[in-house]
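Here the structure is laid out as structure tokens; the discussion comes afterwards.
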Amino acid sequence: MSTVEDSQAARTVAPTERRPARVAELFLLVLALAAGITAFATVGNALTGELPEDFWLKSFLLAAAGLGMHVVLRLRAPWADQVILPSVVFLNGIGLAMILRLEMSGASNMRGANAWSGLMYTALGAAVAAVLIWFLRDHRWIRRFTYTAMLVGLVLVVLPLFPVIGQEINGARIWVHLGGMSMQPAEFAKIAFAVFFAGYLVANRDTLALAGPKVMGLQLPRIRDLGPILIVWAASLGVLIFEHDLGTSLLFFGLFVAMLYLATERFSWVLIGLLLFGAGAIAASSIFTHVAARMEVWLHPFDAALYNAPGGSFQIVQGTFALAAGGMFGTGWGEGEPYRVPFAYSDFIYSSLGEELGLTGLLAILLAYLLIVHRGLRTAIAVRDGFGKLLAGGLAFVMALQIFTVVGGITRIIPLTGLTLPFMAQGGSSLLANWIVIALLLRVSDIARRPSSLPVRGTVAAGGAMHDPIVVGAAGGTPGTGTPVAGTPVRRSAGEVTGAAPSSHPTEMITPAQPDTRPGERS
Amino acid sequence: MSELTFTLLRLGYLVLLWVFVLTAIAVLRRDLAPRGAPRGTRSDRRREAAPTPGAAASPAAPAKPKRGAPTRLVVTAGPLLGTTLPLSTASILIGRAPGCTLVLDDDYSSSRHARIFPQGDQWFVEDLGSTNGTFIGDTPVTGPIPLAPGVGVQIGRSVVELQG
């Protein structure tokens, strides 16, 4: 399925609508960059009294990442959503500033904080996203890799279990070391599974939704339709059992239940999912000691024995203290003591931000996340093809679930898991993977919002189809005609029609009023 | 740095964060308008309200449903037999394309096959240059012609009619 050239689409499909100038995005981007760069400067000023090392270079890199993406979007995805990119740059900039602040604190347990590496991965992530948007003209092209994506996802999930390359850090075996580089393959597996579920469910949603017995008013699916889904469910359980990674397991499972629900609109799936999850959680907490320990830390963090135990509740209690120290308006950049919390720059960056920006700042950050997720779900509603709907919906949901799991873990709403806060926490894999997610969302939203010659149900096509007859197959110029844009189904060949015609009516073809300029395509 | 400047800077930064978030939400408010609705530009609205050449009343004007006026469109033959569609003041596009109001699963109909639309108190049917044509009885529909309730319109293998 090839896409239409931009220029052509603008000429034939949208005679009345201009390409958006993306001024709103540029304006928001400037605000977002101002937030990030001001934070860099304030951090340096508070800690050393002058601008931090390489301030201009760092600011330039961040601005280049954001503005570069903006230019790519202008050229290649002019109708893409205008709020997603600025929100991402906003979060990324603030996250980098916090990592820089912790690096500059010089505390012994903050040696892992490295703003440079974070910045490099941001630039790399933006570059990968730009390349993806530049070359991926239509998200439906990915659909042909449905089963490849499943395979890639499964391989990525089991990769850390291999003896030489896999590595266990802090009790979770989710790392892969290759030639001096380390990465968390689960972050990428998340994207692969979203692609797989979208492709698989869009092809099978009818059998999943309609076939099967009805039990107590709930439409249950048939066992044989569940094969590939059970494989992935088993993989997500395997992650929990063999890699000791509660968060990733929860993420995959949530993604899978949410996408089933999106595809089938059957509430029974949500119920089945919650029941399976509940059963799994209870079983896991009684069988596995590490899960039980997490639960214990969650329920009784202020227990003195637990607080002093290695791997106990010290971290989460310190995180809670940090949030309390921040209060309503925070201590200000560089004025708090967020370095007291272990892993304040990665797993606990949320509590660090809470300490220095306060609840007011945290709410702004959460709203920025909400904007990204909202735009993703909105894209899923707007896009016309089922694959795009499921892909955008699934990616947006998995991001929301990840944020909920991290923030919920730190604020002790749910047990703590080892997930990272997208775009903020230090970690190359997480940054790279989430930039790819953003690239996919932007691509789908471009296709969704691109003006189409086909009228949307119950509305009037661009160009006022209500008053002008739609002449199909006419040479350009008439509103409502033209090359099919993405979102139009591939037309059936003319052969199907000429072969047999309605028996009670003339069999000759009635030619359109205007000469057809594209032979071989039927109206 | 004095305490006051410091506090002002600290709060100023939070204000900057919220300015970003609120501006982004303001940008989104444009999106709340339903898709395809006129963007509020004056030329759009004028075109919407302008009377169609050859018709006395504007089709967009919400006319009170008269007694005996058709209220629904029913598929009386073909793969979608039994499907009904409530009539409003909007025109109904019939064809195989997913963007149509009535999407036919009929190999003999075109992507955008025919249009049934109200003008004044009367409903009209119009062929949109379909491959196999639109018929009332055995007469092909060439231009927009009035459509009375109960009269079957042949579109591909399907027949639709207006019912009161």
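The values are calculated or read from the model by the stated rules, or taken from the named source; none is laboratory data. Nothing here was measured: the structure is a model prediction, and the numbers come from that model. Reconstructed Cβ throughout: ideal geometry from the backbone, glycine too, with neighbour counts over all protein chains shown. Side chains are part of the model used for accessible areas, which takes the heavy atoms of the whole protein and leaves out ligands, DNA and RNA. Shrake-Rupley method; radii C 1.70, N 1.55, O 1.52, S 1.80 Å.
At a glance:
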quantity: Chains B and A, summed buried accessible surface - 1.4 Å probe, Å², nearest 100; calculated: 5400 Å²
quantity: Cβ-based charge dipole, the stretch A:257-387, positive-most Cα from A:ALA283, A:VAL341, A:ILE316; calculated: A:ALA283
quantity: Karplus (6.51, -1.76, 1.60) ³J(HN,Hα), θ = phi - 60°, over the stretch A:150-160, in Hz, Gly and Pro reported as x; calculated: 4, 5, 4, x, 5, 4, 4, 5, 8, 3, x
quantity: At R0 = 41 Å, FRET efficiency that the Cβ-Cβ distance of B:LEU16 and A:VAL164 yields, to 0.05; calculated: 0.30
quantity: Amide hydrogen neighbours beyond the local backbone of B:GLN119, cut-off 5 Å, H modeled; calculated: B:PHE124
quantity: For the stretch A:38-149, with +1 on Lys and Arg beta carbons and -1 on Asp and Glu, the positive-most of A:ALA65, A:ILE133, A:VAL89 along the dipole; calculated: A:ILE133
quantity: Extension reserve of the A:MET328-A:GLU50 stretch, reckoned as 0.36 nm per residue once the Cα distance is removed; calculated: 97.3 nm
quantity: At R0 = 25 Å, FRET efficiency that the Cβ-Cβ distance of B:ALA148 and B:ASP105 yields, to 0.05; calculated: 0.40
quantity: Neighbourhood net charge (13 Å Cβ-Cβ; Lys/Arg +1, Asp/Glu -1) for A:LEU100; calculated: -2
quantity: Estimated inter-spin distance, A:SER108 and A:TYR307, nm [label 7 Å along Cα→Cβ]; calculated: 2.2 nm
quantity: Packing rank of A:359-367, B:22-30, where each peptide gets the mean count of other beta carbons within 10 Å, highest leading; calculated: A:359-367, B:22-30
quantity: Cβ-Cβ FRET estimate between A:ARG144 and A:PHE27, R0 fixed at 35 Å, reported to 0.05; calculated: 0.35
quantity: Neighbouring partner chain Cβ atoms per residue of A:361-368, average, 10 Å criterion; calculated: 4
quantity: Distance histogram in 10 Å bins (all Cα pairs of the stretch A:399-454, percent per bin); calculated: 22, 36, 24, 13, 5, 0
quantity: Per residue value of the accessible surface for the stretch A:382-433 (all protein chains in place, 1.4 Å probe), Å²; calculated: 21 Å²
quantity: Cα shape, the stretch A:252-322, gyration tensor, a/c 1.5 rule; calculated: prolate
quantity: Contour excess over end-to-end distance, with Cα ends at A:ILE231 and A:LEU366 and 0.36 nm allotted per residue; calculated: 45.2 nm
